[in-house]
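Notes for the one structure printed next.
Since every read-out is calculated from the coordinates, none of them should be taken as a lab result. The shown structure was predicted, so the numbers you read here are calculated from the model rather than taken from an experiment. Cβ sites come from the backbone with ideal geometry, for glycine too, and all protein chains shown count toward neighbours.
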Amino acid sequence: METALTLTTDMKLVLGLVGFTMAMFLFERIRADVVALVVLVLLGLSGLVEPDEIFNGFSSNAVMSIIATMILGAGLDRTGALNRLAGWLLRRARGVEQRLLLLTTAVAGLNSSFMQNPSVMALYMPVASRLSSRTGLPLTRLLLPIAAAIVMGGGLTMVGNSPLILLNDLLMAANDNLPSGAATLEPLKMFAPLPIGVALLAASLAYFHFFGDRLLRDEDGKGATPARTQSYFSQAYGIDGDVYELTVTADSPLVGMSLGEAEALRGAPLLLALKSDSESRLAPPADARIWVGSVLGAMGPRTQVADFAQNNFLRLSARLRNFADLFNPSRAGISEAVIPATSQFIGKTGRDLQLRKVLGLSLLAVNRDKKVLRENVRDVPLRAGDMLVLHSIWTDLADAAGDKNLVVVTDYPKGEQRPHKLKIALAIFTVSMLLALSSRLPVSIALMTGVAGMLIAGVLHIDEAYAAINWKTVFLMACLIPLGWAMDSSGAAAWVAGHSIEQLPAGTPDWLLQVAVGLLTTVFSLVISHVGATIVMVPLAINLALAADGNPTAFALVVALSASNNFMTSSNPVISMVTGPAGYSGKELWKVGGPLSLIYTLIAVAMVNLMY
């Protein structure tokens with residue numbers, strides 16, 4: 001390949017735009033998406049990209065694939081799949097901290113293989129909080145391992161993260177500017193990077209199991225979360241424990257009783273749900289009758305629930321077989337609400353208002369003048385300023401708050417949850433993945449097929465699909481893609497690659513060049529984001545490979561993998577999401593993430609060389 005290229009005006013303009021982009025991203029005086037738009041406009045005004053091609057980034061396969069993965073992730077979230085997963089993880093861990101860490105991080109990494117990394121992290125934030133509150137494991141020791149596994153697991157498929165989604169488009173664009181005689185670059189299959197992703201994910205799990213976990217350990221023994229179950233409501237109101245199912249046998253004295261009478265029994269736990277005659281209901285009315293075969297949803301410490309079950313001849317089950325959907329945290333939970341001075345509830349009791357029968361609200365406690373009332377709480381006349389502790393389905397809570405008789409102060413999911421659509425959503429998602437795997441369709445069309453299926457099946461409504469899209473990410477990628485085209489078509493990438501090769505000793509092995517390219521991409525990703533680093537570095541890496549008689553696809557894949565190799569700064573959107581909740585300092589992130597980033601580079605290069 002010819003390396004003695006003349007630096008043309010177009011090359012200077014492109015390199016100047018790359019420098020401008022890096023400077024703007026570094027100093028953050030202007031939002032990244034606005035900078036990307038300015039770059040796009042300058043590419044059009046300067047003629048570096050043809051006017052009829054300047055906006056083609058918005059219709060690229062990469063952008064459409066990212067939009068589709070965001071919507072598919074929202075569909076799975078609406079069904080409460082991740083909250084079910086939290087319960088499964090707790091059961092499998094059996095109280096062993098290391099097992100819980102290993103299972104949680106491994107499953108999070110696998111989830112990131114088919115969803116955008118920030119979307120997976122957003123889904124796992126409440127999962128991590130629930131696991132932390134129920135086990136006492138501090139968030140500081142949970143969130144960073146999960147985030148690292150999500151980043152590593154993104155390398156399992158070609159739709160796991162934005163750089164890999166972009167890669168095939170950049171490879172195809174590079175074909176237009178290959179020197180004569182060079183082999184055409186082929187797009188990578190859906191699971192082409194699978195062995196690399198497996199190795200990276202395994203390395204992350206091993207790193208935190210044997211080494212990284214010690215760096216995150218709180219030396220003073222103070223966790224980031226309180227020590228026991230549902231810590232806030234436990235400390236404030238004495239409401240703790242888990243939910244259990246109690247099946248009424250023929251010998252039970254509860255047969256024929258009303259739910260209110262059962263609640264009044266000595267040692268009775270909170271009775272929050274009832275299944276009778278094949279109908280399951282949360283917050284059943286006090287006059288609902290209990291019969292043989294009825295199932296009660298009871299909440300309390302296991303010892304209390306077990307004693308109640310034994311004394312009343314009830315079969316205890318810790319696994320929710322009948323109430324799994326009802327007690328899904330994405331659908332129902334505990335909340336606080338204040339009685340305003342204008343409320344029509346003032347002077348009335350919970351029994352008078354029939355909160356369960358009319359509004360679907362179970363009244364658990366009343367906080368009045370810093371005094372918590374829990375005994376016979378349904379017979380307490382309500383006053384202005386009372387804080388009510390309620391258990392309900394979130395949609396029922398929203399409906400109850402609509403008439404202004406109570407003001408909800410707990411943040412809860414406002415959107416409609418559809419756990420009954422879980423099987424449909426999983427089936428649709430599986431079909432879309434199989435279509436992508438078949439290689440008969442472009443990945444973007446396969447994923448959009450899944451989106452269409454979820455919309456038709458009612459897993460998502462179209463407005464919810466629009467809301468699921470992170471338009472800033474889409475806009476940033478679509479506007480910067482033409483910059484990568486200009487890097488290639490102008491010859492700027494070939495010029496930089498050729499002059500770089502001239503400065504290196506003759507016979508420098510490909511793997512060493514790939515390590516250098518990977519580290520440079522990592523540095524770029526700290527400054528101009530993983531999308532920007534991919535767009536700038538892939539054309540350069542391809543030309544560097546051609547100049548060194550290496551494999552362009554291998555070099556480009558190293559870049560796409562290395563663009564996500566940032567565990568040290570908040571420029572990685574996944575890391576930025578965990579920094580605040582866990583209280584990580586910049587020094588701590590560099591101490592833990594620095595060695596992991598180096599391990600990432602070495603494993604990525606080694607695996608790429610084994611495969612190519």
Counting Lys and Arg as +1 and Asp and Glu as -1, what is the net charge of the other residues whose Cβ lies under 11 Å from the Cβ of ALA283? +2
Would you work out the relative contact order for the range 250-312, in percent, from Cα pairs under 8 angstrom that are 6 or more residues apart? 40 percent
Plugging the Cβ-Cβ distance of ASN609 and VAL292 into 1/(1 + (r/R0)^6) at R0 = 51 Å yields, to the nearest 0.05, a FRET efficiency of 0.15
What is the sum of charges, Lys and Arg at +1 and Asp and Glu at -1, for the other residues whose Cβ falls under 14 Å from the Cβ of LEU37? +1
Sort TYR612, TYR244, TYR600 so the one with the fewest other Cβ atoms within 10 Å of its own Cβ comes first. TYR612, TYR244, TYR600
Sort LYS404, LYS371, LYS348, LYS275 by Cβ crowding within 10 Å, fewest neighbours at the top. LYS371, LYS404, LYS348, LYS275
Loop-located GluC sites (Glu not before Pro) in the range 322-425 whose Cβ has at most 13 other Cβ within 10 Å (DSSP): GLU375, GLU416
Summing -39500 (n - 2.57) over the DSSP H runs of n ≥ 4 in the chain and dividing by its residue number, what mean residue ellipticity at 222 nm do you reach, to the nearest 500 deg cm²/dmol? -17500 deg cm²/dmol
Quote the FRET efficiency, to the nearest 0.05, computed for LEU265 versus LYS357 with a Förster distance R0 of 25 Å and r equal to the Cβ-Cβ distance. 0.75
Approximate spin-label separation ALA457-LEU194, in nm, with each point projected 7 Å along Cα-to-Cβ: 2.3 nm
Unsatisfied cross-links (Cα-Cα over 31 Å) in the set LYS12/LYS472; LYS275/LYS421; LYS275/LYS370: LYS275/LYS370
For the range 335-352, 3J(HN,Hα) per residue [Karplus equation, 6.51 cos²θ - 1.76 cosθ + 1.60, θ = phi - 60°, Hz, x = Gly/Pro]: 9, 10, 9, 9, 7, x, 5, 9, 6, 7, 7, 4, x, 9, 9, x, 5, 4
Which FRET efficiency value, to the nearest 0.05, do you get for GLU279 and PHE27 by plugging their Cβ-Cβ distance into 1/(1 + (r/R0)^6) with R0 = 56 Å? 0.35
Report the relative contact order of the range 497-612, percent, no decimals, based on alpha-carbon pairs under 8 angstrom and at least 6 residues apart. 29 percent
The chain, relative contact order in percent, only Cα pairs under 8 angstrom and at least six apart counted: 20 percent
Restricting things to Cα coordinates, could you compute the convex hull volume per residue of the range 332-408 in Å³? 74 Å³
Give the aspartates and glutamates whose C-alpha is closer than 15 Å to that of LYS591, dropping any in the same chain fewer than 8 places away, or say none. ASP213, ASP218
With point charges of +1 on the Cβ of Lys and Arg and -1 on the Cβ of Asp and Glu, referenced to the Cα centre of the chain, which listed residue (LEU513, ASN405, ASN367) lies farthest in the positive direction of the dipole? ASN367
When TRP394, TRP590, TRP485 are ordered from fewest to most other Cβ atoms inside 10 Å of their Cβ, what list results? TRP590, TRP394, TRP485
